[in-house]
1. Under a plain spin-label model, where a point goes 7 Å from the Cα along Cα-to-Cβ, how far apart in nm are T282 and T262?
2. Could you list the residues of the stretch 288-319 with an amide nitrogen less than 19 Å from a label point located 7 Å from the Cα of A401 in the Cα-to-C-beta direction?
3. Would you mind counting up the charge near G239? Only other residues with Cβ under 12 Å from its Cβ, with Lys and Arg at +1 and Asp and Glu at -1.
4. For the pair T30/L63, report the inter-label distance in nm, with labels modelled 7 Å from Cα in the Cβ direction.
5. Give me the net charge for the shell around G290: Cβ to Cβ below 12 angstrom, other residues only, Lys and Arg +1, Asp and Glu -1.
6. Can you list the HN-Hα couplings for the stretch 231-241, worked out from phi with the Karplus curve (6.51, -1.76, 1.60; θ = phi - 60°), rounded to whole Hz and with x for Gly and Pro?
Amino acid sequence: MADFRKWVLVFAILALAIVPASAQVTCTATSGVTPTVRAEGMAELVGDLTLDCTGTASTQATLSNIQLLFNTPVTSKVVGSSGGLTYTEALMFIGPNASSEPGPTDRVAGVSGQFSATANTYQGVLAPSQFGSAPSQGLLWLGVPIIPAGTTSRIRFTNLRVNANFVGNTLVPGAQPNIFAFISVTGSQSVVIASPQQPLAAVQSGITDATVSVGDEAPLKFQQCNNGSEVVNVSVGEGFASAFKPIGGVEPLPGAPTGGQTALGVNFFTESGLLGTGITGTLVHPELIGQATQGTRIYLTVNNVPTGVKLAVPPQIGVFSGDNATLLYAVLVSNDPTAGGSILGYSGGTITPPTAGSNGLVNVPITVGTTNTASVVYEIVRSQPFAFDTLVVPITVSFTASPSTNSPGLTVAPNLPTVTVGFAPMRPSSEAGAVSGAPIPRFVTGGI
């Protein structure tokens, strides 16, 4: 990794220093909004990259190949394959001038788009791996017209996802790493790019801490002479504002932020990116482009649960709307911290979101496994992008005293009950790169 970053910087210096006098096209790369992404994330949506290009009167709109090379594996969603190429959700738009954003239906005169003569929309393909069997760190756009004769143009790259953990877990505590992209253009005409290396995201832990409290009551004692019941609150705090995000896009649950994510250059504060639906031209599986498979999910695992102890949690945390509406809303979706995809329901069932403004729902029992552990997974449906959210999960702990059946089981150090929390779904290292069918977002295994 260290050698790769060193060479990226060397390439950047050379690109700035070697400027052919006969160059006909000059482009300036900028990164615009640089979001903070989660260090635990394997498929984090980073900021867009833009190129503002200017050509001379003799410049011809000849074709070029454009590559984005990142300092971490690319994980933009794989949506299909064709002609030996692996197509992703990453898109490139060419606008008719450098003073405004290109739109999904924009067209540069005399130039056809990748799949349509009526729009300059191009779909990125996965570049061959730069490091043998390691995941690819590059995206390619083949046969791209940089600029028509005598005009200017703006090119925007969007739906760029990367493995932030690949960068975030290699630095010393306290350091804040960044995600970079280096852009290169290869074609029949000379193209000079100013500032070809751009920062696209800062990496930071998405969960800052987790605390356990029992309110004003004395801590629950697991004694076999008296029945016991108590609510234990587990609080999970954001490491930075907007670390907890709803799915966005198709808006699968009532009360989630409105979908319609089709505007370029906008941070939607959801797990989804720019949607492919509605784009002029024929893209490879446009219905999959930009759409996340689930919102941010947070798992809680209770370890060393004593024999005979029962656990239960609410099916929702917060209220959808009305006078009692809460700004953070989450629903119970699963008991499997590794599962992604659409709303799963608890233990295979379907959880119907409660009606707006409802409260006091009956808690759902948690199944304690044979290893004396129990897990629950909540999905964020609504959050506050401009404030720090804290998800507070009240776990009801109860037992019926029965010395004859050893209930509750005795607990002694070091096997006292503990709670582990983290992002879900946790996925294997085989999904560290762009993998077809992998959930988005997804996270490395581990918790706090």
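Bear in mind these aren't lab numbers, they're just calculated from the coordinates by the rules spelled out. All values reported here derive from a predicted model rather than from experimental measurement. Here the Cβ positions follow ideal geometry from the backbone for every residue, glycine too, while neighbour counts run over all protein chains shown.
1. About 2.1 nm separates the two model spin labels.
2. Answer for the stretch 288-319: 306-310.
3. Values: positive: R38; negative: E40, D209, E238, D389.
Every neighbour counted, the sum reads -3.
4. So the label points at T30 and L63 sit 3.1 nm apart.
5. On the way: positive: K77, R161; negative: E89, E271, E287.
Summing Lys and Arg as +1 and Asp and Glu as -1 gives -1.
6. Values per residue, Gly and Pro as x: 9, 10, 8, 9, 9, 10, x, 5, x, 7, 4 Hz.
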